[in-house]
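The block underneath contains the structure these notes are about, expressed in structure tokens.
The values are calculated or read from the model by the stated rules, or taken from the named source; none is laboratory data. This one's a predicted model, so the numbers in the text were calculated from it and none came from an experiment. Virtual Cβ from ideal backbone geometry, glycine too; neighbours counted across all protein chains shown. The protein model used for the area step is the full one, side chains on, heavy atoms only, and it has no ligands, DNA or RNA in it. Shrake-Rupley method; radii C 1.70, N 1.55, O 1.52, S 1.80 Å.
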Amino acid sequence: MKKEKIILTGDRPTGKLHIGHYVGSLRRRVELQNSGLYDKIFIFEADGQALTDNIDNPEKVRQNVIEVALDYLAVGLDPAKSTIFIQSQIPELCELTFYYMDMVTVSRLQRNPTVKTEIQMRNFETSIPVGFFTYPISQAADITAFKATTVPAGEDQEPMLEQAREIVRRFNHIYGDTLVEPEILLPDNAACLRLPGTDGKTKMSKSLGNCIYLSDSADEVEKKVKSMYTDPTHIKVSDPGKLEGNTVFTYLDAFCKPEHFGRYLPDYASLDELKAHYTRGGLGDMKVKKFLAAIMQEELDPIRNRRKEFAKDIPAVYDMLKKGCETARETAARTLDEVRRAMKINYFDDDALIAEQAKRFAEE
């Protein structure tokens with residue numbers, strides 16, 4: 001029997017999605033969805049995971065569930081092709097997490113590089129919420145509940161995928177072949193692995209105020225591009241400029257296509273030619289920023305327009321999410337049933353066990 005190819009991926013609904021999400025995962029998800037190469041695609045809003053470090057602000061998560069859903073639809077994710085659902089509405093995930101916790105040690109969680117980085121970033125060193133600390137286990141439950149074979153993610157998520165694979169291997173070793181080992185699918189454009197913030201900082205985040213959101217207006221995009229961090233030593237147009245750490249050129253690597261030059265900057269034949277001119281001097285930052293702004297507007301304008309259309313019928317968006325949750329729960333319930341059978345805790349639907357015990361006690 002042919003093994004199904006299944007994708008599972010998602011986002012934390014802690015804010016509107018930005019272009020870092022777009023180039024890092026959303027754009028690729030749409031391509032994969034429309035490729036016809038996968039049998040099933042599950043895309044979820046990880047609201048339960050978002051609450052692990054927002055437990056005192058549930059309204060933040062609640063409000064952003066619809067924002068993320070609108071962003072999903074706006075970029076082209078299609079509920080007819082992908083199951084879009086909300087993590088907290090699938091209780092089977094909690095039960096799987098509960099069982100998987102017995103398969104991971106505290107020291108193994110502490111060694112997870114992604115967890116260590118996230119803990120430092122949130123200043124949780126002395127007071128780590130247990131839910132946050134154990135989220136690699138919860139993530140393994142998310143992945144295995146849907147028997148995902150492929151998880152599109154950035155390279156920073158590889159330690160999380162490895163942790164999930166370890167849980168799968170240990171479970172299958174103890175209880176028999178039940179769970180599926182997932183593989184990571186990295187972005188195919190190196191510049192998309194982790195798009196920096198507009199201020200040049202490594203991470204793009206709402207709290208740092210360095211994001212370009214998919215829902216930003218044309219004026220907001222223009223303003224943010226013009227204020228982007230470039231090369232601080234490139235003071236005069238005649239000065240040679242550096243590409244390394246230059247946010248504008250990083251964004252061009254992620255978004256620029258050959259045809260953009262004919263439309264917006266016909267003085268140059270390619271991005272390599274533009275870079276060469278910048279590095280030898282004689283090319284001002286503002287000219288490059290105007291080129292990038294034109295490219296960004298071309299990319300984001302249809303997304304903005306679709307988002308506005310979907311926002312006209314919010315009840316329909318919630319209905320889409322509800323149907324997605326129903327489909328996702330059916331799938332997760334089947335996996336949980338297999339897990340419970342493998343672990344021999346399916347007491348009430350194991351007729352052989354009941355008959356065996358009845359016979360044993362009758363003979364005593």
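Brief remarks follow.
- Pairs with Cβ under 8 Å, 6+ apart, first in the stretch 25-36 and more than 11 Å from residue 185 (Cβ to Cβ), second basic (Lys, Arg) and surrounded by fewer than 20 Cβ atoms within 10 Å (Cβ to Cβ): 33/81; 34/81
Conditions (1) outside any helix (DSSP H, G or I); (2) open to solvent by 60 Å² or more (accessible area, probe 1.4 Å), marked per residue:
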site	(1), (2)
242	yes, yes
251	no, no
254	no, no
257	yes, yes
261	no, no
267	yes, yes
274	no, no
278	no, no
282	yes, no
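- Cβ pairs under 7 Å, 6+ apart, first in the stretch 335-355 and without any contact (Cβ under 8 Å) to a residue 24 or more places away in the chain, second open to solvent by 70 Å² or more (accessible area, probe 1.4 Å) and not aliphatic (A, V, I, L, M): 346/340; 353/347
- Residue in the stretch 68-75 that is among the charged types (D, E, K, R), surrounded by 22 or more Cβ atoms within 10 Å (Cβ to Cβ) and more than 24 Å from residue 330 (Cα to Cα) present: yes
- Residues of the stretch 108-127 that turn out to be out of contact with any Leu (no Cβ under 7 Å at 6 or more places or on another chain) and open to solvent by less than 60 Å² (accessible area, probe 1.4 Å), as a count: 7
- Tally, over the stretch 203-231, of residues that are open to solvent by 90 Å² or more (accessible area, probe 1.4 Å) and either farther than 23 Å from residue 71 by Cα or in contact with a Leu (Cβ under 7 Å, 6 or more places away or on another chain) (or both): 2
- Options 335, 331, 327: the member that is touching a Phe, Trp or Tyr at 6+ places or on another chain (Cβ under 8 Å), open to solvent by 50 Å² or more (accessible area, probe 1.4 Å) and over 30 Å from residue 233 (Cβ atoms): 327
- Entry remark, the stretch 284-313: residues being surrounded by fewer than 17 Cβ atoms within 10 Å (Cβ to Cβ) and among the hydrophobic types (A, V, I, L, M, F, W, C) number 3 in total.
- Listed by first and then second residue, the pairs linking a residue in the stretch 59-70 that is closer than 11 Å to residue 307 by Cα to a residue that is among the aromatic types (Phe, Trp, Tyr), with Cβ atoms under 9 Å apart and 6 or more places separating them unless they lie on different chains, are 69/310; 69/318; 70/310.
- Checklist (1) more than 25 Å from residue 305 (Cα to Cα); (2) small (Gly, Ala, Ser); (3) open to solvent by 60 Å² or more (accessible area, probe 1.4 Å) applied to residue 80, failing item: (1)
- Residue 316 vs. criteria part of a helix (DSSP H, G or I), in contact (Cβ under 8 Å) with a residue 60 or more places away in the chain and closer than 26 Å to residue 146 by Cβ: no
- Failed item in (1) modelled with pLDDT under 85; (2) β-branched (Val, Ile, Thr); (3) within 19 Å of the chain's Cα centre (by Cα), with residue 144 passing the rest: (1)
- Unmet requirement for residue 194, which otherwise passes all of (1) at pLDDT 85 or above; (2) open to solvent by 20 Å² or more (accessible area, probe 1.4 Å): (1)
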